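Here's the structure we're looking at; comments come further down.
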Amino acid sequence: MPQTATKYVSPEEYLALEEAAEFKSEYYQGEIFNMAGASINHNQIILNVISQLHQHQKNHNYRVVTNDLRLWIEAHALFTYLDIMVICAKPKFYPDRNDTITNPKIIIEVLSESTANYDRGNKFLFYRSIPTFQEYILVDQYSVHIEHFFIGDEGNWILKEYDNLNDIIEFTKIDFQIPITDIYYQVEFD
């Protein structure tokens, strides 16, 4: 049986298609992949974290952006959307764009059944190729469980896990902490 050839597109072709698209898609090494929608828990967790970060950032030198801006990972030729990025310097953009960031320091993802393995695996590997990237937080939307990765003093990645609503996550790369109960505010588990 003959195989259908995959159509490869350039980054510029992808960006042009994405501007006109009704739904978001990711780009990886010339191929385009449609993204799935999000649940109410997913959206609530993002809103909870962003609102806390936003209130805190007024007195600190960082910027919080959400999933309407893309991330470009040059080392892997990947354009991707993620849930939350924290930028601690002046935002750097893909050439001639103002909607595609290249310098996040902290990335926060809300896990879904369809993306959890990718977020923990290859996507985390891809993120680690970004020179400014130093902290990664994965939030489970189906139960109280958070994985907090950060670069330690010796340059290795350290993991701390949280599954108690009474715990508080203390970010390591910015002066910020958030109670787990605030992250899961109005989140309802089945």
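FYI, it's all coordinate maths here, none of it is from the lab. Because the structure is predicted, anything quoted here is derived from the model rather than measured. Quick reminder, even Gly has a Cβ in these numbers, built from the backbone with ideal geometry, and neighbours come from all protein chains shown.
Please work out the Cα convex hull volume for region 77-157 and give it in Å³ per residue. Each step should come with its number before you reach the end.
Details: hull volume 8.6 nm³, N = 81.
Hull volume over Cα atoms, normalised by residue count, gives 106 Å³.
At a temperature of 4 °C and a viscosity of 1.567 mPa s, determine how fast region 51-114 diffuses translationally according to Stokes-Einstein, using the Kirkwood radius over alpha-carbon pairs as Rh; express D in µm²/s, rounded to the nearest whole number. If you can, show how the numbers build up before the last one.
Values: Rh = 12.5 Å.
This corresponds to a translational diffusion coefficient of 104 µm²/s.
Taking the radius of gyration and the Kirkwood hydrodynamic radius from Cα positions alone, what is the Rg/Rh ratio for the chain, to two decimal places?
Values: Rg = 17.1 Å, Rh = 17.5 Å.
Answer for the chain: 0.97.
Enumerate the aspartates and glutamates that residue 24 could reach by cross-link, defined here as Cα to Cα under 18 Å, with residues fewer than 8 away along the same chain left out.
Cα-Cα hits under 18 Å: 12, 13, 68, 83, 99, 109, 119.
Computed over the Cα atoms of region 17-92, what is the convex hull's projected area averaged over all directions, in nm²?
Values: hull surface 24.5 nm².
Taking the Cα atoms of region 17-92, their convex hull projects to 6.1 nm² on average.
Just to be sure I understand: with springs between alpha-carbon atoms less than 10 Å apart, which residue in 171, 124, 23 has the highest mean-square fluctuation in the Gaussian network model of the chain?
Top of the fluctuation ranking is 23.
Just rank 119, 175, fewest to most, by other beta-carbon atoms within 10 angstrom. Please list the in-between numbers first.
Numbers: 119 20, 175 12.
So the ranking, lowest neighbour count to highest, is 175, 119.
Over region 109-154, what relative contact order in percent results from Cα pairs under 8 Å that are six or more residues apart? Walk me through the numbers before you get to the answer.
On the way: 39 pairs, mean separation 17.1, N = 46.
This gives 37 percent for region 109-154.
What aspartates and glutamates does residue 58 reach when the alpha-carbon gap must be under 15 Å and sequence neighbours fewer than 8 apart in one chain are set aside?
175
List the relative contact order of the chain as a percent without decimals, with contacts defined as Cα pairs under 8 Å and 6+ residues apart. It would help to have the intermediate numbers written out before the result.
On the way: 306 pairs, mean separation 30.5, N = 190.
The value is 16 percent.
Relative contact order for region 26-78: what percent, with Cα pairs under 8 Å and sequence separation of 6 or more? Write out the running numbers ahead of the final one.
Values: 22 pairs, mean separation 26.7, N = 53.
Over region 26-78, the number comes to 50 percent.
Give the peptides 63-74, 100-111, 24-35, 152-163 in descending order of average Cβ contacts within 10 Å, highest first. Mind dumping the intermediate values first?
Numbers: 63-74: 17.6, 100-111: 22.3, 24-35: 14.4, 152-163: 10.4.
Packing order, densest peptide first, comes out as 100-111, 63-74, 24-35, 152-163.
Beyond a 27 Å Cα-Cα separation, which of these cross-linked pairs lie in this structure: 7/90; 90/123; 105/160? Let's see the in-between values first.
On the way: 7/90 36 Å; 90/123 24 Å; 105/160 18 Å.
Those over the limit are 7/90.
When the chain is treated as a GNM, springs tying every alpha-carbon pair under 10 Å, which of 50, 137, 168 comes out with the largest mean-square fluctuation?
168
Using a Gaussian network model of the chain whose springs link C-alpha atoms within less than 10 Å, name the residue from 145, 60, 42 with the highest mean-square fluctuation.
Highest fluctuation of the listed residues: 60.
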